[in-house]
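Everything below concerns the one structure shown next.
Values in this text are rule-based calculations from the coordinates and carry no lab data. What you are looking at is a predicted structure, and each value in this text was computed from that prediction instead of being measured. Methodologically, a virtual Cβ is constructed for each residue, glycine included, from the backbone with ideal geometry; neighbour enumeration extends over all protein chains shown.
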Amino acid sequence: MEHSRRIREVVDIIQCTNDQAKQALVICQWDLLIPSNYLLKSNFDTFSEDEQFKKVIAESISMQEKKENQTGLNAISNEDAEIAKAIEASLEQNKGSMSQYEPLNPEQRRREDNVPCGLQNIGNTCYFNSLLQFYYTIPSFVQSIMDFDDKEDLSNINKNQALDQEIDLQFEKRIKAARNLIRQMKILFSFMARSDKKYADPTGVLKAIVDDFGNPVEIGDQKDIGEFNSTFLSRISEGLNSKVLIAKQYQERMNIEERKEESNINANGDGNQIVQDIDMNNSSIMEGEPYIQDTDMQDESKDHQLIKQASSLSPAKSKIEEEGGVVGENFFGKIHSFITYKDKNDIIQSQDTNETFIEILMSVLGTKELYEAWENSYKDFIEDYKSTEVDWIVKIPKILCMQLNRLSFEQGNPVKKLDPLIVEKTIYVDRFLIQNKEKSEMIRQTVSNLRDKIKHLERCLTDYKKFNGSEYNISKILELATAFFKEQGKADESFKQMPEVESFNPFQQGQIPANAQDLVNSLQKYADQTSQQIISMESQIENITNQIKKAYSQMNNNPYHLHAMCIHDGNAYGGHYYALIYDRFNKKWRKFNDIRVTDISEEDVFKEANGGHGQMTAYWLVYVSDETACEMEKSDIYRYKATEGQQIDKLHIFSRMIPGDINLIVSEDNQKLQQEILSYQATQTVKLIQKSYDQKYAEIQTLKDQIQEMNNQIKNQNAALNKPIQPPSQGGMNQNMSIFRYLLAQNEENILKKILLDICYREINEISLFVLDQNDPIIKKIQAMIINQSPRYPKDGPFLTQGEQIKYDKHRSDYQTISSDRRFIIEVLQNLQDYNLIDAIQMVKRVFGLKGGFSQANQYSKVQKDSCRVAGLALITQINKLLIDNEPSNDKIGLHLLAIFTASHLLDPSDIHKIQLFINLDTSIQNLRIILENKGLLSDFQYILSLLKTKNEIDYSKLSQLGNLRIETNQDQEKNVQDILNDEIDKTWIPIFEDFSNLINKEDRYQSLLDKFKIQYKPWINIHFTLMQHKKHLSPVEYLEQEKANGNDLIAYLNQT
């Protein structure tokens, strides 16, 4: 039936004979796009020669290229075009062999959770990818594939029988190919279920598909979906039923041989005829045209061959119908055809035939209603044969496929019509079932008349809404014309005059005609009248449409639901196919466009399917029965989450079906992808490392050229209170520099290079390069980079040797000390500048505890110790002033006292400043004894004084007034301390010269604070220098004189009290 319909369609379009149409379709592999153009160019001459066919194909391709150059295919994205070019080039290079081209990098190929698996386009196979995605959604079909034993032995085929060897070998070849197809489908479905890659490769399946003769189906040219699908399902069914088919084939051949032997011994002389009949019958069976037993039909002229062809079934279809199974039940239905025709004597004859169908092929030209197109496809009249055929469904498959033909010819050129067609979400097949024949025929005539009325009204409506072939509504035109005349001559302030520019106003078109008002009235009348007529026509169309629906309202017992569509985006010469499939478990539509799978709204689905928007139209529709729809709703077939090794997601219905050997194949491919991703990430990481390293290393080289100048700048800065900075013993550079300048100063350039590599890696990853394994892809690629690059990289690889690690740990520790000491002393000096002596002592104490004492390694630690000495002396002066000024807060006085103790406690017992602090505090207590008694602080002061010459800690229980006070860092101070301690000097990169600028700024700040410190605390610094020079403490008298100079005349205060 499918072939006969294609023949009739070509005949209708080209007006050629049936024999010419059939011959063209056979040569063109039943593809409707090619033979029509072929016939037109061949002028219906004999065209069986291969050379002529090749010429037509070349002309068709040329026409397609010309058309695409003019209009382009708006469906294909830039990425699609690039992929297509790469595939085309690869196919050309390999002379048509299938490419293994990977369009995405490994990271882009990784599948996302719960996203369906796409399919790779292996050169114009988008139509088949759409079919495969649809088949994957049918649980019973997938299960039959997964459960099939593809390893069963086929040795029971007996090649030694005295039979027709050519037929047996052909059959065996096809069966083996069919079983291999099942195997490849099983592998593909397994990948689609649990592959970590976002798309699978269908190459194995494509290579396994063969035609009825066991020959591979050519891949790379755009096929007719219906014909290709028929071949595909035939092989699937043969594979699934191969064991039964082999046994029947053998038995049929044995029966034929037995009948031949019986006929040879027939004594009446009719044996030869019987043998001929048997051979004819057998030949017809094997070639796809069953022998028709009606002797009257055998005697008819060749005009009646059409009737024979209309009832013919291919061998594959016959077997599918006979064997049934999941393929037959799901996809194949039966049609009963009622055929009437006139014989050579012009006498009306009739015949009934049954056929198997896999899809409903319908032309949608001239209608936008799916039901009407369906009805038209089931009734044919062929003028040449005076034949009428009406079809009724005997058996409806669970899955109903429809192929929509939009092709027409205009001036000999094929044109794809883009007129809208309403695709129904749910259809009812009752009106096409043979049991409803009588009732449906009665309704059809009525509905046909109603449809004619609708078409008439629609044509009239088009005349109104697209007046005179334009895009303008006549009612709107009349309304605008009315406004034009009505407003003519009226002033309009919105139209302003502009100097030196002529102004125009549509309502200032000269003198108004005398009958202008009559004209306006007439135009308004026509505008209102046409508007009402449009409303009337639209209302009538709606009412008639409702009548049609009502006519079939009692025939809605067999609903079929839209499940999938194949969309063609292109023109009559070519284009691109993709699938829209409804995920019944997750209640949403998805778009399967080869390797890309995306969600799509239902609104966009029907926008693309119905046509009228660009070149996108539905080409193939799939409807499923209630039973099948319910089956699909039970399981989430698109459930996906990456698993380790060979583990499977036991909650995934298809994953549970995967055989162990194929699961191993999928697992190995997943592991391969993971390795490719790691390798790709390593490559990208190393590229970033190399770029970053080269930039940083260039800075280092520039630094080496300017190092002496910077060194001289740093040398000229004084950083200690009592003597200039001495340059370090190694390297010739001051230690006030970044770790890289420090390493250069130590002549450790190879260590520097490795640390630089580590920093570049840390910029990309949070961990250190040094913790990676030797076999890590990153390390291997870095080592390859080092080998292939210049000496700017470390000569012996990225890892520090044991000796280098020891050296670097020491250099790092030394530099860390310098860096932290500088930052700590800046904090101390800032507090001293703000006269926060207590905070300064608190910070000194905290650092002292961290460092385990005052270090003598650098000038910063020395200044820190000196600042502690000076602050202690200044604190006693401050406490004198507080007491003389009668400070009301004992706590404030007490904190100063405890700070004095802390300063003294941090100094060595032999430090002369410790003795000086004792003398000064003792003298102050003696002179300020009365006020201390009045405040109740005398005993506390005396207790603290007793501790100054010892290393004993304070027993706060012995303090009467100050027992609750402590000298400890506050929250802000502690945060600063932690920030300094957590600063990893080799974790991040600060550009060397920017860092040097920062360093100079820090040094400038340090020096500025130090200078201010010297000025603000000059009296106590002078005492400090005196003590350091003479190694002798001041006497109480000298101390009292110094305090008098500071504004605290303790003797005078004592005499007054």
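Could you run the Karplus curve 6.51 cos²θ - 1.76 cosθ + 1.60 with θ = phi - 60° over the range 577-585 and give me ³J(HN,Hα) per residue in whole Hz, x for Gly and Pro?
10, 8, 10, 10, 10, 8, 7, 6, 6
Filter the trypsin sites (Lys or Arg not before Pro) in the range 553-644 to those in DSSP coil with at most 15 other Cβ atoms within 10 Å of their Cβ, and list the result.
587, 634, 641
Please report, in debye to the nearest 20, how large the charge dipole of the range 732-887 is about its Cα centre when each Lys and Arg carries +1 at its beta carbon and each Asp and Glu carries -1 there. Mind showing how you got there, number by number?
Values: 20 positive and 18 negative charges, 75 e Å.
The calculated dipole for the range 732-887 is roughly 360 debye.
Taking the beta-carbon count within 10 Å as an exposure proxy, list 126, 566 from fewest neighbours to most.
126, 566
Mind checking the full-extension length gain between residue 419 and residue 926? Use 0.36 nm per residue of separation minus the Cα-Cα distance, one decimal, nm.
171.2 nm
How high is the FRET efficiency between residue 704 and residue 1008 when r is their beta carbon distance and R₀ equals 30 Å, given to the nearest 0.05?
Once the sixth-power term is evaluated, E becomes 0.50.
How large is ³J(HN,Hα), in whole Hz, for each residue of the range 608-613 in order, when computed from phi with the Karplus curve 6.51 cos²θ - 1.76 cosθ + 1.60 and θ = phi - 60°, using x for Gly and Pro?
Once rounded to whole Hz, the list reads 6, 7, 6, x, x, 10.
Counting other beta carbons within 10 Å of each residue's own, what order do 336, 456 fall into, fewest first?
456, 336
Can you work out the Karplus-derived ³J(HN,Hα) for every residue in the range 481-488? Use 6.51 cos²θ - 1.76 cosθ + 1.60 with θ = phi - 60°, whole Hz, and x for glycine or proline.
Each residue of the range 481-488 in turn: 5, 4, 4, 4, 6, 5, 8, 4 Hz.
Over 31 Å between Cα atoms, which of 795/851; 334/386; 334/549; 197/334 qualify?
From the list (795/851; 334/386; 334/549; 197/334), the Cα-Cα distance tops 31 Å for 795/851; 197/334.
Between the range 334-349 and the range 169-187, what is the separation of their alpha carbon centroids in Å?
40
How much length would be gained if the chain were fully extended between residue 1037 and residue 547, taking 0.36 nm per residue of separation minus their Cα-Cα distance, in nm to one decimal? Walk me through the intermediate numbers first.
Details: separation 490, 0.36 × 490 = 176.40 nm, distance 12.46 nm.
Using 0.36 nm per residue and subtracting the Cα-Cα distance, I get 163.9 nm.
So, R0 is 60 Å and r is the distance between the beta-carbons of residue 426 and residue 774; what FRET efficiency does that work out to, to 0.05?
Values: r = 64 Å, r/R0 = 1.07.
With a Förster radius of 60 Å, E is 0.40.
Give me 452, 839 ranked fewest to most by other Cβ atoms within 10 Å of their Cβ, as a rough exposure proxy. Walk me through the numbers before you get to the answer.
Numbers: 452 11, 839 21.
Exposure proxy ranking, most exposed first: 452, 839.
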